[in-house]
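For reference, the structure discussed in these notes is given below.
The values are calculated or read from the model by the stated rules, or taken from the named source; none is laboratory data. Bear in mind that the values here come from a model prediction, so they are computed numbers and not experimental data. All Cβ positions, even for glycine, are placed from backbone atoms using ideal geometry, and neighbour counts span all protein chains on display. With ligands, DNA and RNA removed, areas are computed over all heavy atoms of the protein, side chains included. Shrake-Rupley method; radii C 1.70, N 1.55, O 1.52, S 1.80 Å.
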Amino acid sequence: MNTLYEVRKLSSKNIVSPKGFSAAGMHCGIKHKKKDLALLVSEVPASVAGVFTTNAIQAAPLKVTKEVVYQSGKMQALIVNSGNANACTGKQGIADAYEMQSLAAMKLGIDPSLIGVASTGVIGEIMKMEPIRAGVESLDLGNTLEHGIDFAQAILTTDTVMKNTTYSTLIDGKEVVISGTAKGSGMIEPNMATMLGFITTDANIESDVLQKALSDITNLTFNAITVDGDTSTNDTVIIMANGLAGNESLTTGHPDWHNFYSTLQVVAEDLAKAIARDGEGATKLIEAEVTGAISDEEARKIAKTVVGSPLVKTAVFGNDANWGRIIAAVGYSGATVDPEKITIKIGEALMVQNGEPVPFSEEELIKILKANEVKIYVSLGQGEGHGLAWGCDLTYDYVQINASYRS
């Protein structure tokens with residue numbers, strides 16, 4: 001294993017960068033003007049893994065896509081629309097999701113069982129199928145950077161930016177590329193969030209091994225973000241691995257397993273942080289790092305409670321160094337804590353040490369809180385548990401955006 005090349009960030013690359021992938025995105029008429037229909041295709045059937053919302057109310061496309069992921073373990077294409085979630089739409093919604101799968105199958109000349117479906121947008125409205133029928137016919141697939149950008153733009157709703165990332169690693173001496181694109185801005189409280197995440201790789205790996213890796217990594221990344229505490233009906237993360245890099249099939253015992261796992265994790269973390277940073281109306285990314293918990297799980301629970309606290313979020317927005325809100329969130333997180341062992345820092349500024357307040361400079365703290373990224377550190381002094389979580393500040397614009405979402 002070449003340790004100098006474990007994980008390498010690639011610029012000017014996107015979802016079509018791994019070998020054998022192509023994509024398209026266009027405006028078909030679900031939304032007024034912006035792109036709203038997208039297609040992602042592998043040259044060959046790919047191993048697939050997926051994680052989905054824990055909301056008991058699940059949108060129609062999830063039924064279709066879960067069948068592909070869990071029954072065959074192979075996926076060759078994914079059709080996605082934005083502007084309409086196709087959620088809470090009854091039997092008609094299920095029929096429409098299956099029709100989207102069939103339309104993509106006819107266009108590509110492949111079996112419908114190899115095609116996943118994803119939708120995002122307004123809940124409770126029947127899908128307008130005529131624009132989709134015409135749009136699928138017009139989708140122009142390609143593997144250029146522009147085709148990947150079209151795909152990334154077509155999956156957005158209230159997002160203000162595209163969310164793309166690409167890394168490479170070496171496996172069996174061969175370059176393996178992992179790329180991801182995502183959307184998500186509001187209703188973000190995983191497990192999971194109003195988010196769609198799509199990851200492509202040319203790695204050779206079986207679906208069951210891929211599923212375990214994605215599930216584990218999701219707990220550390222997509223499930224460690226929060227914007228507003230709401231869990232959506234449509235959340236989906238899918239990874240397709242088509243094997244065209246030509247490496248030996250990956251297992252946890254493979255000498256280069258760490259390279260693959262680490263690369264997939266950093267792709268997922270990039271996408272998760274991009275979603276948190278782009279929270280509706282947000283101006284800042286908040287990161288909470290918790291150490292000294294009795295377990296990693298408890299550390300993650302505390303970190304997510306801190307970044308999810310409305311009072312912490314508004315304090316960060318207002319540049320108010322109110323550490324009392326942070327320690328209160330730690331206390332109600334449900335995790336095991338000893339108040340006399342808690343230490344808190346905002347950035348490099350020490351606020352609380354072993355449960356006792358420490359004098360600090362308001363000037364210094366305001367400067368720290370005005371940054372685009374605000375880091376909160378909590379040490380519990382009870383064990384070896386470590387956890388990270390990401391969120392964003394809560395602003396006036398969040399209320400405005402969600403007060404007029406359907407208009």
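Structure summary
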| item | result |
| --- | --- |
| Segment 246-362 - percent relative contact order, Cα under 8 Å, separation 6 or more | 14 percent |
| Additional length obtainable on full extension of the chain from Lys174 to Ala371, 0.36 nm per residue less Cα span | 66.9 nm |
| Separation in nanometres of the label points that stand 7 Å from Cα toward Cβ, at Thr144 and Ile294 | 5.9 nm |
| By average C-beta atoms within 10 angstrom, highest first, the peptides 366-373, 41-48, 379-386, 175-182 | 175-182, 41-48, 379-386, 366-373 |
| Largest-first principal axis extents of the Cα set of segment 1-103 (Å) | 53, 35, 27 |
| Phi to ³J(HN,Hα) by Karplus 6.51 cos²θ - 1.76 cosθ + 1.60 over segment 28-36, Hz, x for Gly, Pro | 10, x, 5, 9, 5, 9, 6, 4, 8 |
| Listed residues Ile15, Ala213, Trp257: farthest to the positive end of the dipole of the chain (Cβ charges) | Ile15 |
| Karplus (6.51, -1.76, 1.60) ³J(HN,Hα), θ = phi - 60°, over segment 325-336, in Hz, Gly and Pro reported as x | 5, 5, 5, 5, 5, 4, x, 9, 5, x, 8, 7 |
| Using a Förster distance of 25 Å, the FRET efficiency for Tyr70-Ser262 (Cβ separation, nearest 0.05) | 0.40 |
| Segment 1-59, relative contact order in percent, only Cα pairs under 8 angstrom and at least six apart counted | 23 percent |
| Answer label, with log10 I(q)/I(0) by the Debye sum over Cα atoms at q = 0.06, 0.11, 0.14, 0.15 Å⁻¹ calculated from the coordinates and candidates (i) -0.24, -0.80, -1.19, -1.30; (ii) -0.33, -0.89, -1.28, -1.39; (iii) -0.43, -0.90, -1.19, -1.30 | (i) |
| Cβ crowding within 10 Å averaged over residues, with 358-365, 314-321, 164-171 ranked highest first | 164-171, 314-321, 358-365 |
| Out-of-range pairs (alpha-carbon distance over 25 Å; input Lys212/Lys313; Lys66/Lys375; Lys163/Lys367; Lys35/Lys91; Lys66/Lys107) | Lys212/Lys313; Lys66/Lys375; Lys163/Lys367; Lys35/Lys91 |
| Tensor-based shape of segment 257-407 (alpha-carbon gyration tensor, a/c under 1.5 rounded, otherwise prolate or oblate) | oblate |
| Relative contact order [Cα under 8 Å, 6+ residues apart], segment 117-222, whole percent | 19 percent |
| Residue-averaged [θ]222 nm for the chain, counting only DSSP H segments that reach four residues, each worth -39500 (n - 2.57) | -10000 deg cm²/dmol |
| Inter-label distance for Asn219 and Arg8, nm, one decimal - labels placed 7 Å from Cα along Cα-to-Cβ | 3.3 nm |
| Estimated dipole of the chain in Debye, rounded to 20 [Cβ of Lys and Arg +1, of Asp and Glu -1, Cα centre] | 820 debye |
| For a label point 7 Å along the Cα-to-beta-carbon line of Ser249, residues of segment 47-79 with backbone N under 17 Å | 47-49, 72-75 |
| Solvent exposure of the chain as accessible area per residue, Å², 1.4 Å probe | 40 Å² |
| HN-Hα J in Hz across segment 214-222 - Karplus 6.51, -1.76, 1.60, θ = phi - 60°, x for Gly and Pro | 5, 4, 5, 5, 4, 5, 8, 10, 4 |
| Rounded percent of accessible protein surface that carbon and sulfur make up, the chain, 1.4 Å probe | 51 percent |
| Built amide H within the under 5 Å cut-off of Val122, gap 5+ | Gly83, Asn84, Ala85 |
